[in-house]
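Inspection log for the structure reproduced underneath, given as structure tokens.
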Amino acid sequence: MEYTILILALPFLSFILLGLLGTKLRPGVAGGIGTIVTAAVALLSWWTAFSYFGAGRDGSGVFQTLIPWNTVWLPFGGGLHIDLGIMLDPISVMMLIVISTVSLMVHIYSFGYMKGERGFQRYYSFLSLFTMSMLGLVVATNIFQMYIFWELVGVSSYLLIGFYYTKKEAVAASKKAFIVTRFADLGFLIGILIYGFYTGSFSFTPDAPAIGAAKALLPLALGLMFIGGAGKSAMFPLHIWLPDAMEGPTPVSALIHAATMVVAGVYLVARMFPLFIDYAPGVLHVTAYVGAFTALYAAVVACVQSDIKRVLAFSTISQIGFMIVALGVCTSADPHEGGLGYMASMFHLFTHAMFKALLFLGAGCIIHAVHSNEMSAMGGLRKYMPLTHITFLVACLSIAGIWPLSGFFSKDEILAACFRFSPAMGVLMTFIAGLTAFYMFRLYYSIFWGKENKALHQEHRPHEAPLSMTIPLIFLAAVTLVAGWIPFGHFVSSDGMAYDIHIDWTVASVSLGVAAAGILLATWMYLREDRTVADGLAARFSGLHRAAYHRFYIDEVYQFITHRIIFACISAPVAWFDRHVVDGFMNMLAAVTEKVSWGIRKMQSGYVQRYAIWFLGGALGLVIVLLLAI
Amino acid sequence: MVHMEYYLIVSTIMMFVGIYGFFTRRNLLAMLISVELILNSVDINFAVFNRFLFPEQLEGFFFSLFAIGISAAETAVAIAIIINIYRNMKNIQVKNLDKMKW
């Protein structure tokens, strides 16, 4: 399967080509190159998956881990080396499909969405870079290669959030995203170094004796790695960058900030899962609590936001919280005994990528139609854009967890895993699932039903998006409709053995009931033109409403800590020291040299004969000194 | 037989005459002549030491020839410079040449 190297090489070549020659190419040609390359990558990924899973299981009943390509990149001596290579195992092959498929859809969609934008070629070049780095991240053979590509996706995310670089908010958002995730990656790097130092390798599966030596420090290393994952996956309190990242073009939000890059943290935990479960179950459970709190927080905030992309951003944070919880509640590697969450998390990652990309692309069509992100500019759009309406509804039902859409199956597995861990966790996550249904349908009704902004719509009549934008919607909606029926446990499970998903109907009926309740509540509050109930509630709990609208002032807390404490108490004195002591010493040297030079410059009179006398005097003096010395 | 010391006395006188001339002449050409005197006194020294102290060797003579060649070239360059100075300043009095200072 050596051809898998092409999966990384093709988008890289496309990035180089479009990056260097982009301005020479016409926009359509540049976009065409990017899209064709991504289509080739998608075909290759599907073919890889087909042949990998088609090859069947080995004698012990698991899919073999293949390394079709590997090279030692940086040997450190002492057996420690960083490799670059390609590793195929069930989750990396699954991720290949997710990334290449969503990326292809986004490439096609961008033809319509970005039409006529300045920097169209640059946009496609960055998309190629992102695709290459994300694919490299998931097929990494070792933790350090993963880290390298991890930073590369961070860079491409930065570049794409700041795509509209003339817009102040976009620049600020891109910097914020980069700095926050970079700060978290510091933890990741330290974790990797501890891991590499004590186990003597960067491999995901070190030898038993190496692990024995590092046993005491493994929980620390894994915990630090999780901090990196939490930064990328926008876990509380490092989530602050993701809502702002919505300043980027909407297809980018769909690709990077909903479907692929933000689940890198989940993928990281899944990748380290065997170590987590054997050596650091406590840390794993901590991640579950972090995930649960994040899911709850983001769901509450999503209920009151008015910018549709921000609602989707918080919904993404909440759903990633679900995935982390599912991993965190695992208590053993056996899916029958308590390892169900692993499969559930990966399944939810897969289905969520599809329907969340669909939601974002649908939101892109809506923004394209009304030229605004605010709900107040929308309402009643179902008449104008029927196709977007239907596909958006499919995605909303799926994320709410309605049978038989894909979200139902994956969320049901997560809830079942939570109930096995502890009833309290199960009840909490079921409640959040209900909240999810509520805020998604609040969003849906506010866009497509409710009170129409007639003045705006008369002035500029909303229209259905062009074909290049609706085809990806239809494709993703179709995937969302059928993905739940994939026997996912047969491909991915915590111990690698085939696992039959059987729906636990007591859990499923409760979650369906809660989801239906959330949808009905949203219908009651937001379907009609007047919103007396919703406005009444907002007025009644105005303090809570305002706090939630301002995201519980977490950004302000960060602002306070960075500006008032770190900048004022640490950075300012350090800057003073640098400016006055370090620079001052150098300035003093320069000033003294200058003063002395001014004093003696008259000696250069320009008269040759005066110089000659000085020269002779010096020579005679030397002679006398030498004679006396002898 | 002329002793070595007599040659050295002549060359020393030439040397200091040259130095004196270099310090006191007002004219660039006169200064150039003084420099030539200094150089020639050194050439004499080379030849004399070779002739009296190491008669079976030739390094001193050849060094003299070498220095004569170099000084001819150097004189040509110096005269070219002096001609240019004259073209620019209409005289070659050394006291006027104080442009290159500070």
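The values are calculated or read from the model by the stated rules, or taken from the named source; none is laboratory data. Not measured: the values here are computed from a predicted model. Counting neighbours? That spans all protein chains shown, and the Cβs are built from the backbone with ideal geometry, glycine included. Remember, those area values only see protein heavy atoms, side chains included, never the ligands or the DNA or RNA. Shrake-Rupley method; radii C 1.70, N 1.55, O 1.52, S 1.80 Å.
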- line: Among (1) farther than 25 Å from A:PHE226 by Cα; (2) in contact with a Leu (Cβ under 8 Å, 6 or more places away or on another chain); (3) buried (at least 23 other Cβ atoms within 10 Å of the Cβ), A:GLY341 falls short only on (1)
- prompt: Restricting the first residue to region A:201-217 and requiring it to be under 20 Å from A:ILE67 (Cβ atoms), which pairs with a second residue that is in a helix (DSSP H, G or I) and small (Gly, Ala, Ser) meet a Cβ separation below 6 Å and a spacing of at least six or different chains?
  reply: A:PHE202/A:GLY196
field: Odd one out for A:VAL153 among (1) more than 18 Å from A:LEU84 (Cβ to Cβ); (2) within 21 Å of the chain's Cα centre (by Cα); (3) in a helix (DSSP H, G or I)
entry: (1)
- request: Given the conditions (1) out of contact with any His (no Cβ under 8 Å at 6 or more places or on another chain); (2) open to solvent by 50 Å² or more (accessible area, probe 1.4 Å), report the number of the one that A:ALA534 does not fulfil.
  value: (2)
- request: Output the residues belonging to region A:85-109 that are closer than 17 Å to A:ALA477 by Cα, open to solvent by 10 Å² or more (accessible area, probe 1.4 Å) and of a type outside the set (Val, Ile, Thr).
  value: A:LEU104, A:MET105
Candidates B:ILE68, B:ILE81 - the one that is open to solvent by 70 Å² or more (accessible area, probe 1.4 Å), in a helix (DSSP H, G or I) and within 19 Å of A:TYR607 (Cβ to Cβ): B:ILE81
Wholly enclosed helices (runs of 4 or more DSSP H) of region A:423-503 bearing at least 2 residues closer than 21 Å to A:LEU520 by Cβ: A:423-448
message: Which of the numbered conditions does A:THR391 fail, given that it passes all the others? Conditions: (1) more than 24 Å from A:ALA295 (Cβ to Cβ); (2) more than 25 Å from the chain's Cα centre (by Cα); (3) open to solvent by less than 20 Å² (accessible area, probe 1.4 Å).
response: (2)
statement: Conditions (1) open to solvent by 10 Å² or more (accessible area, probe 1.4 Å); (2) in contact (Cβ under 8 Å) with a residue 60 or more places away in the chain -> A:GLY119 fails only (2)
- request: State whether one or more residues within region A:620-630 are away from chain B (no Cβ under 14 Å), open to solvent by 80 Å² or more (accessible area, probe 1.4 Å), under 30 Å from A:ASN453 (Cα atoms) and part of a helix (DSSP H, G or I).
  value: no
task: Could you please give the count of residues in region B:24-52 that are free of Cβ contacts under 8 Å to residues at least 24 places away in the same chain and more than 23 Å from B:ILE70 (Cβ to Cβ)?
output: 1
- line: Going through (1) farther than 23 Å from A:THR470 by Cβ; (2) assigned to a helix (DSSP H, G or I); (3) among the small types (Gly, Ala, Ser) one by one, A:GLY364 fails only at (1)
- request: Please go through region A:435-467 and pick out each residue that is buried (at least 17 other Cβ atoms within 10 Å of the Cβ) and of a type in the set (Gly, Ala, Ser).
  value: A:ALA437, A:SER446, A:GLY450, A:ALA465
task: Run A:SER511 past the list (1) touching a residue at least 24 places away in the same chain (Cβ under 8 Å); (2) closer than 22 Å to A:ILE366 by Cα and report the number of the one that doesn't hold.
output: (2)
statement: Note on region B:70-102: residues within 14 Å of chain A (Cβ to nearest Cβ), farther than 14 Å from B:ASN27 by Cβ and among the charged types (D, E, K, R) are B:ASP98, B:LYS99, B:LYS101
task: Considering each residue of region B:6-35, count those that are open to solvent by less than 80 Å² (accessible area, probe 1.4 Å), within 12 Å of chain A (Cβ to nearest Cβ) and not polar (S, T, N, Q), and give that number.
output: 11
statement: Residue hits (region A:197-225; surrounded by 13 or more Cβ atoms within 10 Å (Cβ to Cβ), assigned to a loop (DSSP other than H, G, I, E, B) and at negative phi) are A:SER201, A:PHE202, A:PHE204, A:PRO206, A:LYS215, A:LEU217
statement: Checked region A:122-142 for anything closer than 24 Å to A:SER233 by Cα, in a helix (DSSP H, G or I) and open to solvent by 10 Å² or more (accessible area, probe 1.4 Å); matches are A:PHE126, A:LEU129, A:MET132
- prompt: Here are some conditions: (1) surrounded by fewer than 24 Cβ atoms within 10 Å (Cβ to Cβ); (2) in contact with a Gly (Cβ under 6 Å, 6 or more places away or on another chain); (3) farther than 30 Å from A:SER468 by Cβ. A:THR181 meets all but one. Which one does it not meet?
  reply: (1)
task: Determine the pairs where a residue that is within 14 Å of chain B (Cβ to nearest Cβ), located within region A:588-607, has a partner that is surrounded by 10 or more Cβ atoms within 10 Å (Cβ to Cβ) and among the acidic types (Asp, Glu) with Cβ atoms under 7 Å apart, the partner being 6 or more residues away or on another chain.
output: A:SER605/B:ASP98; A:GLY606/B:ASP98; A:TYR607/B:ASP98
query: When residues of region A:608-618 are filtered for being open to solvent by less than 50 Å² (accessible area, probe 1.4 Å) and more than 10 Å from chain B (Cβ to nearest Cβ), how many remain?
result: 2
statement: B:PRO55 passes all but one of the listed conditions (1) open to solvent by 80 Å² or more (accessible area, probe 1.4 Å); (2) assigned to a helix (DSSP H, G or I); (3) away from chain A (no Cβ under 14 Å); the exception is number (2)
- line: Within region A:9-28, residues being among the aromatic types (Phe, Trp, Tyr) and over 20 Å from A:VAL41 (Cβ atoms) number 0
- prompt: If you scan region A:369-384, which residues turn out to be farther than 13 Å from A:ILE308 by Cα and surrounded by fewer than 21 Cβ atoms within 10 Å (Cβ to Cβ)?
  reply: A:GLY380, A:ARG382, A:LYS383, A:TYR384
Cross-chain or 6+ apart pairs with Cβ under 7 Å, region A:55-78 first and open to solvent by less than 90 Å² (accessible area, probe 1.4 Å) and assigned to a strand (DSSP E or B), then among the acidic types (Asp, Glu) and at pLDDT 80 or above: A:PRO68/A:GLU2; A:ASN70/A:ASP83; A:THR71/A:ASP83; A:VAL72/A:ASP83
message: So, in region A:61-112, exactly how many residues are β-branched (Val, Ile, Thr) and in contact with a strand residue (DSSP E or B) (Cβ under 7 Å, 6 or more places away or on another chain)?
response: 6
message: With the requirement that a residue be under 30 Å from A:CYS365 (Cα atoms) and open to solvent by 10 Å² or more (accessible area, probe 1.4 Å), what does region A:254-296 give you?
response: A:LEU296
task: Read through the list (1) within 14 Å of another protein chain (Cβ to nearest Cβ); (2) within 24 Å of A:ALA619 (Cβ to Cβ), then give the number of the only condition that B:ALA67 fails.
output: (1)
